[in-house]
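Q: Before we start, here is the structure in question, set down as structure tokens.
What follows draws every value from the coordinates through simple rules; no lab data is involved. No experiment lies behind these values; they were computed from the predicted model shown. With ideal geometry, Cβ positions are generated from the backbone for all residues, glycine too; neighbour counts draw on all protein chains shown.
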Amino acid sequence: MRPFDLSQLSKAHDVRFAEDDPTDEKLPWPQFTVADLNFYYGSHQALKGINLIVPNKRVMAFIGPSGCGKTTLLRTLNRMNETVPGTRVEGSIRLGDKDLFSFPATRLRRVVGMVFQKPSPFPKSIFDNVAYGLRLDPAIRRNEIADRVEKSLRRAALWDEVKDKLHQSANGISGGQQQRLCIARALAVEPEVLLLDEPCSALDPISTAKIEDLLFEIKNLCTIVIVTHNMLQAARVADYVGFFLNGELIELNRAKQIFQNPENQQTQDYVTGRFG
Amino acid sequence: MANAVLATPEAPFESRGLDKKQTLWERLRKGDEVAHLITLAGGWSILVITVLLVQHLWVFSRLSRHAFGWHFLVDSTWDPVNGHFGAWPFVYGTVVTSLLALAISIPIGIGSAIFLAELAPRKLSNGLTFLIELLAAVPSVIYGLIGIFLLIPFLFDVVPYFQRFFGWIPIFNGTFYGVSYFSASIVLSIMVVPFIISISREVLIAVPVSQREAMMALGATKWDVTWRAVVPYARQGIMGSIFLSLARALGETMAVTMVIGNVAQVSTSLMAPGYTIAAVIANEFTEATGDLYLHALIELGLVLFVVTMIFNALARLLMLTMKGHEVVG
């Protein structure tokens, strides 16, 4: 796959992969290429003509007021929305160079992992929680599991805190630890992409900081797309930020650009706290 | 609003009436104490009723207890004419029919509940659940009639074939008269399956979406989500529905007595007729002549009470150990 140009980031429908076009920044190959995406809940249109590219091994954040469609877009990227009755997708999404909808949904979700807003550990032991995804795959041998659980917990910066209580219930650890456990669980199957839907909105600032540190650690392993209401968080963790309003992608650019010198007036108003 | 009770120099607390003692009427009107009393009375009444029940059973079974002692439990002779009473055939019949009924109804009940909660369209599910709950409200004598007029003729056609192949197994051999432990178990299982379905369905539906989605996001199939996330999460509620069914099966009287044959004997074969505790009390209580006979029947009631208690205790123990396993991993 060919690198692409920053100016093409929000213009997936006419991306020209210019090989010899001199640009200031060569982006790696696109992880997701979303073109003319419309999304409907019944008759309500939640996403209107979205075009964007999510670059590989970068952190992209979606910001915007509640109900602007950012979570809907995130859940479309691993086809979680398919499980909600009455939803409809138009347009195309590519994962790498393949059509997202050509995969079986269950295989796609092993490549595109997801962490939800509310920590949702299974009522099992800490070890079993991380091993859950591994056990779903018959190709993973039983004796590998313990190693991969440890590796994954280390990546999620949780190993030192839980190594002595791996076989205790996951409901007994703090909310922040539970959320890192959920990240460990998602990382255990070694996904290419990790989608995070407001992962810190239920956590205190210290737990939030730990999760942000963790995102820095894992961003060389996988592409990260994060939805957040916290603009400071977007500024801290994201390489690129997309601003959504009423189902439209208003502006997508480098994080610095969005927060310091946005091109669009609505973006300017939102990031400076004048509305939303 | 916020400063309504703040004391100011112009309006100190005393003048707001906060230091005044409330009258009884004011306190009652607030509702807290009334609710407290009502719930307390409710709680105590359960305890009082249970204690009175046991006390009554204990006192009015004394002749039988004194005459037979512990031997009553293991004696299989039930001979009212000669005044010799033993509870074993009834205990055996009660336990065997109830457990067999559960063995039949648990897979059907949980399977149906999973279908209704996870697979069926919501409208169909609600419609079917309404019908199932209606089944739970059918009087047990009706189930007894169904047993006599539908089930037993059907079993008469089927069982001989079955016995031709499996008759060598002790639990299936012997002559089949229609009325049997097996017939009673089937009728019981039909009676308790609505409980298992409707309660299990409720708890399955109540499993949070977050659990399902977390599982799905790991690449789980629909079946994985149901079997590895939803059912384990709902397990306690499902177990609860099974215990309730067990209690109902142990105590069921009318339907069982109509199809079990009412013969006070102990047979290894499920195809043989038998008797249960509840059935013998209902059948013989009005014709019990003599105090010893009456006291023996009441002692049977006491035994049924204890058997039910033991099963409940075992069930709770099972639940606790399962919880332990889950955490140990």
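Q: Take B:MET216, A:MET231 and order them by how many other Cβ atoms sit within 10 Å, fewest up front.
A: Fewest-to-most ranking of B:MET216, A:MET231: A:MET231, B:MET216.
Q: Let me ask something else about it. Using the Kirkwood radius over C-alpha pairs as Rh, can you work out the diffusion coefficient of region A:110-253 via Stokes-Einstein at 10 °C, viscosity 1.306 mPa s, in µm² per second?
A: Estimated via Stokes-Einstein, D reaches 101 µm²/s.
Q: Find me the longest stretch of chain A that has none of the exposed trypsin sites (Lys or Arg not before Pro), where exposed means in a DSSP loop (not H, G, I, E or B) with at most 11 other Cβ atoms within 10 Å.
A: With a cap of 11 other Cβ atoms within 10 Å, the longest stretch comes to A:142-273.
Q: Between 0 and 90 degrees, rounded to the nearest ten: what's the tilt of helix A:205-218 against the longest Cα principal axis of chain A?
A: Tilt relative to chain A: about 80 degrees.
Q: Continuing with this model, one more query. So what's the projected area for region B:100-160, the Cα convex hull averaged over all directions, in nm²?
A: The number I arrive at for region B:100-160 is 5.4 nm².
Q: Out of region B:50-122, which chymotrypsin sites (Phe, Trp or Tyr not before Pro) are coil in DSSP terms and have no more than 14 other C-beta atoms within 10 Å?
A: B:TRP70
Q: Next question. Between exposed GluC sites (Glu not before Pro) in chain B, where DSSP calls loop and at most 14 other Cβ atoms lie within 10 Å, what's the longest gap?
A: B:11-286
Q: Turning to a different aspect of this structure: For the protein assembly as shown, with the dipole built from +1 on Lys and Arg beta-carbon atoms and -1 on Asp and Glu ones, taken about the Cα centre, which of B:ILE106, B:VAL51, B:TYR233 lies farthest toward the positive end?
A: With unit charges placed on the Cβ atoms, the residue in question is B:TYR233.
Q: Which value, in debye to the nearest 20, describes the size of the charge dipole of region A:4-271 about its Cα centre when Lys and Arg Cβ atoms bear +1, Asp and Glu Cβ atoms bear -1, and nothing else is charged?
A: 1000 debye
Q: Name the long-range amide H neighbours of A:PHE62: under 5 Å, sequence gap of 5 or more, or other chain; modelled H, no Pro or chain starts.
A: Residues meeting the amide H criterion: A:ILE226, A:VAL227, A:THR228, A:GLY242.
Q: Same structure again: Stretched out fully, how many nm does the piece from B:TRP44 to B:GLN236 gain, at 0.36 nm a residue minus the Cα gap?
A: Between B:TRP44 and B:GLN236, full extension yields 66.5 nm more.
Q: Mind checking region A:173-276 for GluC sites (Glu not before Pro) that DSSP puts in a loop (not H, G, I, E or B) and that have at most 10 other Cβ atoms within 10 Å?
A: Of the GluC sites (Glu not before Pro), not one in the loops of region A:173-276 has a Cβ with at most 10 other Cβ atoms within 10 Å.
Q: Same structure, new question: Multiply the residue separation of B:VAL263 and B:ILE108 by 0.36 nm, subtract the distance between their alpha-carbon atoms, and state the gained length in nm to one decimal.
A: Difference between extended and current length: 52.8 nm.
Q: Then there's this: Take region A:39-93, compute every pairwise Cα distance, and split them into 10 Å bins from 0; I just need the percent in each bin.
A: Over region A:39-93, the share of Cα pairs per 10 Å bin runs 21, 57, 21, 2 percent.
Q: As a test of the formula, what do you get for chain B when each DSSP H run with n ≥ 4 contributes -39,500 (n - 2.57) and the sum is divided by the residue count, at 222 nm and rounded to the nearest 500 deg cm²/dmol?
A: -21000 deg cm²/dmol
Q: Rg and Dmax of region B:16-59 over Cα atoms: what are they, in angstrom?
A: For region B:16-59, the Cα radius of gyration and maximum Cα-Cα distance read 18.1, 61 Å.
Q: While we're on this one: In square nanometres, what is the average projected area of the Cα convex hull of region A:4-271?
A: Answer in nm², one decimal: 14.8.
Q: About the Cα centre of the protein assembly as shown, how large is the charge dipole given +1 on each Lys and Arg Cβ and -1 on each Asp and Glu Cβ? Please answer in debye to the nearest 20.
A: For this selection, approximately 400 debye.
Q: Could I ask something else about it? From the residues A:HIS229, A:LEU77, A:VAL149, which one has its Cα farthest along the dipole of chain A in the positive direction, the dipole being from +1 and -1 charges on Cβ of Lys/Arg and Asp/Glu about the Cα centre?
A: Farthest towards the positive end: A:VAL149.
Q: Between 0 and 90 degrees, rounded to the nearest ten: what's the tilt of helix A:126-136 against the longest Cα principal axis of chain A?
A: 70 degrees
Q: Return the FRET efficiency for the residue pair B:ALA288, B:ILE310: r is the Cβ-Cβ distance, R0 is 22 Å, and the value is rounded to the nearest 0.05.
A: Rounded to the nearest 0.05, the efficiency is 0.25.
Q: Now for a separate question. Show the residues, 5+ positions off or on another chain, whose built amide H is closer than 5 Å to the amide H of A:TRP29.
A: A:ASN56
Q: Kindly work out what percent of the DSSP beta bridges joining two residues of the protein assembly as shown are antiparallel, to the nearest 5.
A: Just about 60 percent of them are antiparallel.
Q: Still on this structure, please answer the following. How would chain B be classified by its alpha-carbon gyration tensor: rounded, prolate or oblate, with rounded meaning a/c under 1.5 and the a/b versus b/c comparison settling the rest?
A: oblate
Q: Rounded, prolate or oblate: which fits region A:168-224 when a ≥ b ≥ c are the square roots of the eigenvalues of the alpha-carbon gyration tensor, with rounded for a/c under 1.5 and prolate only if a/b beats b/c?
A: Here region A:168-224 falls in the oblate category.
Q: Please go through region B:198-303 and write out the chymotrypsin sites (Phe, Trp or Tyr not before Pro) that DSSP classes as loop and that have at most 16 other C-beta atoms within 10 Å.
A: Qualifying residues, ordered by number: B:PHE285.
Q: Right, here's the next one. Can you give the log10 of the normalised intensity I(q)/I(0) at q = 0.08 Å⁻¹, computed with Debye over equal Cα scatterers of the protein assembly as shown?
A: For the requested q values the scattering log ratios are -0.80.
Q: Taking the Cα centre of region B:16-59 as origin, sum charge times position over the Cβ atoms of Lys and Arg (+1) and Asp and Glu (-1), and report the length of that vector in debye to the nearest 20.
A: Around 280 debye, computed over region B:16-59.
Q: Using R₀ = 56 Å, calculate the FRET efficiency as 1/(1 + (r/R₀)^6) where r is the Cβ-Cβ separation of A:ASN246 and B:LEU37; round to 0.05.
A: It comes to 0.50.
Q: Okay, next question. From the square roots a ≥ b ≥ c of the eigenvalues of the alpha-carbon gyration tensor of region A:210-261, which class results: rounded (a/c under 1.5), prolate (a/b over b/c), or oblate?
A: Taking the square roots of the gyration eigenvalues as a ≥ b ≥ c, region A:210-261 is prolate.
Q: Here's another thing I want to ask about it. I'd like the FRET efficiency for A:ASN220 and A:ILE140, computed as 1/(1 + (r/R0)^6) with the beta carbon distance as r and R0 of 25 Å, rounded to 0.05.
A: 0.60
Q: Counting only chymotrypsin sites (Phe, Trp or Tyr not before Pro) that are in a DSSP loop and have at most 13 other C-beta atoms within 10 Å, tell me the longest site-free stretch of chain A.
A: By the stated rule (loop sites, at most 13 other Cβ atoms within 10 Å), A:18-274.
Q: Follow-up question, since we're still on this one. What is the set of long-range amide H partners of B:GLN265 at a cut-off below 5 Å, with H atoms built 1.01 Å from backbone N?
A: For B:GLN265, the qualifying residues are B:TYR275.
Q: Calculate one ³J(HN,Hα) per residue across region A:31-44 by plugging θ = phi - 60° into the Karplus curve 6.51 cos²θ - 1.76 cosθ + 1.60, and present them in order as whole Hz with x for glycine and proline.
A: With coefficients 6.51, -1.76 and 1.60, one gets 6, 10, 10, 9, 10, 6, 8, 10, 9, 10, 9, x, 9, 7 Hz.
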